[in-house]
1. Condition first: surrounded by fewer than 20 Cβ atoms within 10 Å (Cβ to Cβ), within 16 Å of the ligand (Cβ to nearest atom) and not aliphatic (A, V, I, L, M). Now tell me which residues in the stretch 150-189 satisfy that.
2. Taking the stretch 1-45, which residues are in a loop (DSSP other than H, G, I, E, B) and away from the ligand (no atom under 16 Å from the Cβ)?
3. Out of all the residues in the stretch 353-370, which are more than 16 Å from the ligand (Cβ to nearest atom) and under 22 Å from the mean Cα position of the chain (by Cα)?
4. Pairs, please: C-beta under 9 Å, at least 6 apart or cross-chain, first residue within 26 Å of Gln333 (Cβ to Cβ) and in the stretch 121-142, second within 12 Å of the ligand (Cβ to nearest atom) and of a type in the set (Phe, Trp, Tyr)?
5. Only one of these is touching a strand residue (DSSP E or B) at 6+ places or on another chain (Cβ under 9 Å) and over 22 Å from Gly247 (Cα atoms): Ala352, Ala343. Name it.
6. What single numbered condition from (1) under 17 Å from Met171 (Cβ atoms); (2) surrounded by fewer than 24 Cβ atoms within 10 Å (Cβ to Cβ); (3) not assigned by TED's automatic domain parsing to the domain that holds Gly8 fails to hold for Ile214?
7. What are the residues in the stretch 121-149 that are among the charged types (D, E, K, R), at pLDDT 95 or above and either part of a loop (DSSP other than H, G, I, E, B) or within 16 Å of the ligand (Cβ to nearest atom) (or both), if any?
8. Given the options Asn330, Asn286, name the one that is at pLDDT below 95 and either within 29 Å of Ile393 (Cβ to Cβ) or within 14 Å of the ligand (Cβ to nearest atom) (or both).
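The values are calculated or read from the model by the stated rules, or taken from the named source; none is laboratory data. Predicted, not measured: the structure shown is a model, and the values here were computed from it. With ideal geometry, Cβ positions are generated from the backbone for all residues, glycine too; neighbour counts draw on all protein chains shown.
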Amino acid sequence: MSELCIRGGNRLMGNVVINGAKNAAVAILPATILVDGVSTIENLPNIDDVIILNKAIQSLGATTQFLDEHTLEIDASTLNNTSALDECISKMRASYYLIGALVGRFGRAKVAMPGGCDFGGRPIDQHIKGFEAMGATVKIEKNMIEVTAKQLVGARIYLDVVSVGATINIMLAAVLAQGTTIIENSAKEPHIVDVANFLNKMGANIKGAGTNVIRVRGVEKLHSGRYTTVPDQIEAGTYMIAAAITGGDVYVRNIIPEHMESVSYKMREMGIGIEEGDDYIRVFSNGRLKSTNVKTLPYPGFPTDLQPQMSVLLSVADGESVMIEGVFENRFQYIDQLKETGAIIRVEGNKAIIQGVDVLKPATLKATDLRAGAAMILAGLKSEGGETVIHNIKYIDRGYEQVEKKLSALGAQIYRQ
Ligand code: EPZ
């Protein structure tokens with residue numbers, strides 16, 4: 001199993017170009033199943049989750065081809081299978097989008113239950129609530145979920161929990177349904193807007209994505225087309241924090257600064273320099289960081305997917321900071337690893353009280369999930385006096401394209417072995 005080795009102490013300087021959004025890509029690829037034709041998706045990140053989903057879509061009978069490492073052409077007109085039970089499906093959370101797309105187009109779907117990072121319970125009751133409201137029958141047995149419907153009919157659905165996955169999955173099922181579906185208390189993340197923009201480009205009729213009420217008017221069919229995914233808000237935030245924690249000066253390019261607002265504001269509160277351009281943010285710091293308090297919330301709140309990375313930054317700020325996880329039941333599993341580096345943190349329920357230290361120590365760490373893995377890299381970048389080794393980096397490769405190449409280009413001492 002490969003690992004990442006890092007020697008900290010270097011200030012990161014220069015430019016990093018951000019790839020397409022993982023959480024848009026892993027929804028748009030299943031959404032191409034709804035298209036009775038060819039979808040060409042550009043600016044896809046070259047990451048394991050995209051590779052896995054491409055294989056899953058091929059196994060359903062679609063024909064796909066990478067035109068280059070970031071552009072995938074998918075012809076779903078030949079799709080003839082509505083069961084996706086391969087064990088790699090249960091490895092990722094986003095596989096549940098195959099359900100919404102398959103039942104939306106064919107009225108039936110049999111998919112392995114979704115896996116994904118373990119942050120305490122990750123139920124899919126809101127997804128099921130939406131499918132059943134539209135007239136589908138849902139059966140869960142062993143490790144598989146089967147959804148069938150003679151004809152999906154538009155419905156008014158109120159989400160009891162603001163859920164990215166449920167919002168997107170219900171949208172996928174509603175696109176070809178009879179009549180209009182209203183999703184209330186919907187999530188507003190940029191990747192939700194991106195999925196809606198893709199579907200509308202292919203002929204769907206979706207209004208309100210990005211607000212807390214989304215209206216989907218069912219259409220007959222979707223047609224071929226080309227679409228470019230948005231830049232990855234979470235990859236961008238990770239590199240912004242990498243620049244700040246090393247006292248560097250980095251231009252984070254090919255992004256939408258508005259998507260980073262909550263992160264930029266919090267970093268400014270810490271005394272970090274943030275300069276916004278049309279499609280970049282410059283992050284610069286003299287290395288002295290003020291403590292602050294952060295609570296993760298659904299968009300436009302501070303993203304939960306940047307919670308581990310931000311906690312590492314706060315662990316080397318002056319004074320005491322508090323990080324509150326407001327989205328998941330338990331997303332502090334990485335804290336024990338972080339303490340190995342000398343961070344002083346105590347967890348009380350969904351709150352982490354962080355006492356800032358000047359510098360972190362090298363350590364042998366393991367990624368407990370995708371974003372925690374990225375956080376361990378940041379800890380390594382801030383350590384002094386030796387080499388940090390990170391195991392289980394398969395998690396990191398699921399969401400970050402060429403992470404060591406991008407960091408090396410900024411001056412980090414990092415290599416994969
Ligand atoms: C998506 O997960 C992302 N994954 C996660 O990113 C992200 O952390 C999360 O949204 C929140 O932004 C993908 O997009 C593939 P939710 P998802 O449904 O859809 C509860 C990463 O690192 N809930 O918005 O699973 C749930 O338990 C990953 O890129 C229900 O109770 O998240 C959680 O507490 C990690 N019932 C809250 O809602 C449901 O039916 C938000 O979950 C669904 C969710």
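1. Result: Tyr158, Asp160, Glu184, Asn185, Lys188.
2. Here is the first cut: in the stretch 1-45, the residues in a loop (DSSP other than H, G, I, E, B) are 1-3, 8-12, 18-19, 21, 36-37, 43-45.
Correct list: Met1, Ser2, Glu3, Gly8, Gly9, Asn10, Arg11, Leu12, Asp36, Gly37, Asn43.
3. If we filter the stretch 353-370 for residues that are more than 16 Å from the ligand (Cβ to nearest atom), which is where we start, we get 353-366.
Within the stretch 353-370, just Lys366 meets the criteria.
4. Listed by first residue and then by second, the contacts come to Gly121/Phe328; Arg122/Phe328; Ile124/Tyr96; His127/Tyr96.
5. Working: Ala343 fails: over 22 Å from Gly247 (Cα atoms).
Of the residues listed, the single one that is touching a strand residue (DSSP E or B) at 6+ places or on another chain (Cβ under 9 Å) and over 22 Å from Gly247 (Cα atoms) is Ala352.
6. Failed condition: (2).
7. Asp125, Lys129, Glu132
8. Numbers: Asn286 fails: either within 29 Å of Ile393 (Cβ to Cβ) or within 14 Å of the ligand (Cβ to nearest atom) (or both).
Only one candidate qualifies: Asn330.
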